[in-house]
Amino acid sequence: MSTTGPPLRDARRLVAAAGGTVRESMIWPHRHLLTLEDLTAEEITFILDTAEAFADVSTRSVKKVPALRGRVVVNLFFEDSTRTRTSFTLAAQRLSADVIDFTAKTSSLSKGETLRDTVRNIEAMGVDIIVCRHSASGATHLVARNVQCCVINAGDGRHEHPTQGLLDIYTMRQAKGRIEGLKVAIVGDVANSRVARSNLHGLRKLGADVTLVGPTTLVPRAFEQMGARVCHDFDAVIDQFDVINMLRVQRERIASNVFPSLEEYSRLFGLTNDRVRRTKPDVLIMHPGPINRGVEVSADVADGQTSAILRQVTNGLAVRMAVMFLCNQAAAGAEPH
Ligand code: NCD
């Protein structure tokens, strides 16, 4: 990560043009966003506050501000995605950037080119921000080490998915007014989930009380070392939480035999109406999508009153606008004058 940043007045002026205000106390120092583990509580809060300032843009009839005019964003996705890719594209367009979509299946990678060569060639075309998703944990760090432009991790293997973690935390703060002291359950396939890791790092830094819930094979006790409580009996603790964040069973990453069957998994850990009746009445139910209806969440719960699932998607736009805006500011501040 780079350590120099632009004068904050530039950030404040541009966010003010977008219709909001940002606290004066920070000069954003990082040109890349690769993990939440590497950010401080203050930095995470600063991104959330900046996202709040951008949220208003999406509600206007003209949904654009000039913050990234003349900049080029490349979506470099080596794994499937619907929400995240669309969200980054729209966020970049709302900041007036030019956006290019790169799909691994139709690229020279299928002709044997290495990831390092691919990203260096893409950067040579004058790209300012690379948004990268890859099935290998650590791939976005490799990309960041090989280019000068900004790199944003849109999910690397089981490792982290920082913008999803940020938008989840943003949605919790919006609904509950705070993160400190909030009791949050993250339920399901924690072992294979980059969403779980980013949530856990971000929530712990901001002082939430996090419980990881799932079968022993998917929620090993080792996670206690990351500051979480680990629990294998959902029904025993379900009435304790302000927020329940349900994870998709990562069938593409999962080793066989980690649980007897999807039916059994769903019976023990699926969020049904019957279980929701035993939660706190004002519980917030979340899921990063895509949902396997009837496996981790029943259809009526996903579409019900307590569900924040579509609000998460809406908030993702503001969060990604903030992240691209801040990383670009840090890179611009580090450029020789
Ligand atoms: C998540 C992902 O890809 O990690 N989805 C997303 O970004 N919206 C979660 C998942 O696939 O289960």
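The numbers here are math on the coordinates, done by the rules we state, and not lab data. These numbers were taken from a predicted model, which means no experiment stands behind them. Note that each Cβ is placed from the backbone with ideal geometry, even for glycine, and that neighbours are counted across all protein chains shown.
Data for the structure
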| quantity | calculated |
| --- | --- |
| Pair-distance profile P(r), taking every C-alpha pair of the chain, with 10 angstrom steps and integer % | 6, 27, 34, 23, 10, 1, 0 |
| Lysine-lysine proximity count for the chain, Cα under 27 Å, sequence distance 8 or more or distinct chains | 5 |
| Charge dipole magnitude, Cβ of K and R +1, D and E -1 - the chain, Cα centre, debye nearest 20 | 540 debye |
| Residue order, fewest to most beta carbons within 10 Å, for L326, L90, L206 | L90, L206, L326 |
| Chain lengthening between R278 and A41 when straightened (0.36 nm per residue, less Cα-Cα) | 82.1 nm |
| Crossing angle, helix 115-124 versus the chain [Cα axis fit, 0-90 degrees, rounded to tens] | 40 degrees |
| DSSP-loop trypsin sites (Lys or Arg not before Pro) across the range 249-332, with at most 13 other Cβ within 10 angstrom | R251, R277, R278 |
| For the range 162-312, the spread of Cα positions along each principal axis, largest first, Å | 40, 34, 28 |
| C-alpha long axis of helix 83-94 to longest principal axis of the chain, angle in ° | 30 degrees |
| Cysteines in the chain that, by Cβ-Cβ distance, have no pairing candidate under 4.7 Å | C132, C149, C231 |
| Along the chain, longest interval not containing exposed GluC sites (Glu not before Pro), exposed being DSSP loop plus at most 11 other Cβ atoms within 10 Å | 25-179 |
| FRET efficiency for I254 and Q93, using Cβ-Cβ distance with R0 set to 41 Å, rounded to 0.05 | 0.70 |
| Integer Hz, Karplus 6.51/-1.76/1.60 couplings in order for the range 288-295, x for Gly and Pro | x, x, x, 8, 9, 4, x, 9 |
| Amide H contacts of N245 (H built 1.01 Å from N, under 5 Å, at least 5 apart or other chain) | A185, I186, V187, M286 |
| Relative contact order (percent, whole number), the range 162-312, Cα cutoff 8 Å, 6+ residue spacing | 24 percent |
| For H161, residues with placed amide H under 5 Å, excluding near neighbours | S198 |
| Angle in degrees between helix 309-334 and the longest Cα principal axis of the chain, rounded to the nearest 10 | 30 degrees |
